[in-house]
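Here the structure comes first, spelled out in C-alpha cells, and everything after it is commentary.
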Amino acid sequence: MTITLTGPVLEGTLVRLEPLGQRHAADLAVAAEEDRGTYAYTWVSRAEETADYIDGQLARAATGRLAPYAQISLAAGRAVGATSFWEPRCWRDEDRLDAVEVGFTWLARSAQGTGINAEAKYLLFRHAFEVWRVARVDLKTDARNSRSRAAIESVGARFEGVLRNWSRSSVPGEEGRLRDSAIFSITAEEWPERRAALEARVRRAAERTARTDRDQDRSGTRTGA
C-alpha cells in the first residue's frame, strides 16, 4: 500500500479541525481534566501526559496510518478535543483508498452536546467521501460504551456488529486485556442522505449557539470566549 494519510485543515461553523501538534498541548491538558467521568471506556491522557500523548500520535502519523487532529471550538477559540483519520485500506488498487476509520476521538465535557461532534464528523466524512472517494468510513468503540455508541449512531453510522477481542481495552484497571469492539459504518451510497441530515443538525446547533450569544449580550452576562 502506498497511501499515506494526511489531514488538511477542515473548518465549519462550530469547529475547525487542525493537524495535531504540540501547540495544542496546553488547551488539551485543560480540556482533558474538565470532567473525566465521561471517559469511562475512552483513553484520554491526563493533563501531565498531554505532551507525550501528542508525541505518540505524531509517531503514529509518521507511519502513514494516522492523520490526527485537534478539535478547535470556534466559539471558545481553543482546542477542546481530538480526533483522527485512521487505518487506510486499499483493496482494489494500492494507490486507491477504499476505506478509512474515524477514531481516537474525545471531547471536553463542556464541548459535548454543542454540535461540535456532529460537525467534526461531517467534515471528516465529507473529506473522506468527496475528496478521497472512499467506499466506506468505519467507526469503532468499546462494545460496553453506550454513550459512545449512541453518539456514533446519532451521526448516521449503521451498527454492523461486535468484533470480539478486537483491540486493547482503555478502561483503567484492564491494562493488558482485550475488549470487544462495536463497529459502525457509513458507505458511499448512504453518504448523500447522511450529509443532508448532518448539515441540518449542524445548522440547528449553530442557530442555538447564536441565540444563546445574543441573549447573553442583551443581559450582559456574556464573559467572552
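The values are calculated or read from the model by the stated rules, or taken from the named source; none is laboratory data. All figures in this text were calculated on a predicted structure; none of them were measured in a lab. Every residue, glycine among them, receives a Cβ derived from its backbone with ideal geometry; neighbour counts consider all protein chains shown. Calculation scope for accessible area: heavy atoms of the full protein, side chains included, ligands and nucleic acids excluded. Shrake-Rupley method; radii C 1.70, N 1.55, O 1.52, S 1.80 Å.
If I ask for residues that are open to solvent by less than 10 Å² (accessible area, probe 1.4 Å), in contact (Cβ under 8 Å) with a residue 60 or more places away in the chain and farther than 20 Å from W132 by Cα, which ones from the range 10-68 would you list? Matches in the range 10-68: V15, A31, A32, V44. Note on the range 184-205: among residues that are open to solvent by less than 30 Å² (accessible area, probe 1.4 Å) and hydrophobic (A, V, I, L, M, F, W, C), the one that is nearest to R149 (Cα to Cα) is F184. Among the residues of the range 100-121, those that are within 12 Å of the chain's Cα centre (by Cα), closer than 16 Å to S84 by Cβ and not acidic (D, E) comprise V102, G103, F104, T105, W106, L107, I116, N117, A120, K121. Quick check: anything in the range 138-153 exposed (fewer than 15 other Cβ atoms within 10 Å of the Cβ) and closer than 16 Å to L17 by Cα? No. Taking into account only those residues within the range 61-74 that are farther than 22 Å from S181 by Cα and not in a helix (DSSP H, G or I), which is farthest from the chain's Cα centre (by Cα)? Of everything passing the filter in the range 61-74, T63 is farthest from the chain's Cα centre (by Cα). For the range 75-122, filtering for residues that are assigned to a loop (DSSP other than H, G, I, E, B), open to solvent by 40 Å² or more (accessible area, probe 1.4 Å) and farther than 20 Å from L14 by Cβ leaves 6.
Please tell me if L58 is under 28 Å from A143 (Cα atoms), assigned to a helix (DSSP H, G or I) and touching a helix residue (DSSP H, G or I) at 6+ places or on another chain (Cβ under 7 Å). Judged against the criteria, L58 is not a match. When restricted to residues that are closer than 19 Å to R179 by Cβ and either among the aromatic types (F, W, Y) or not in a helix (DSSP H, G or I) (or both), the range 21-50 contains 7. Considering the range 136-172 alone, what residues qualify as being over 15 Å from T83 (Cβ atoms) and of a type in the set (D, E)? Within the range 136-172, D142, E153, E160 qualify. Count of the range 154-183 residues, restricted to those that are loosely packed, with under 14 Cβ neighbours inside 10 Å, without any contact (Cβ under 8 Å) to a residue 24 or more places away in the chain and in a strand (DSSP E or B), is 6.
Restricting the first member to the range 121-135 and to residues that are within 10 Å of A99 (Cβ to Cβ), and the second to residues that are of a type in the set (G, A, S), the beta-carbon pairs closer than 8 Å and six or more apart or on different chains are V134/A99; V134/A128; V134/A188; A135/A99; A135/A188.
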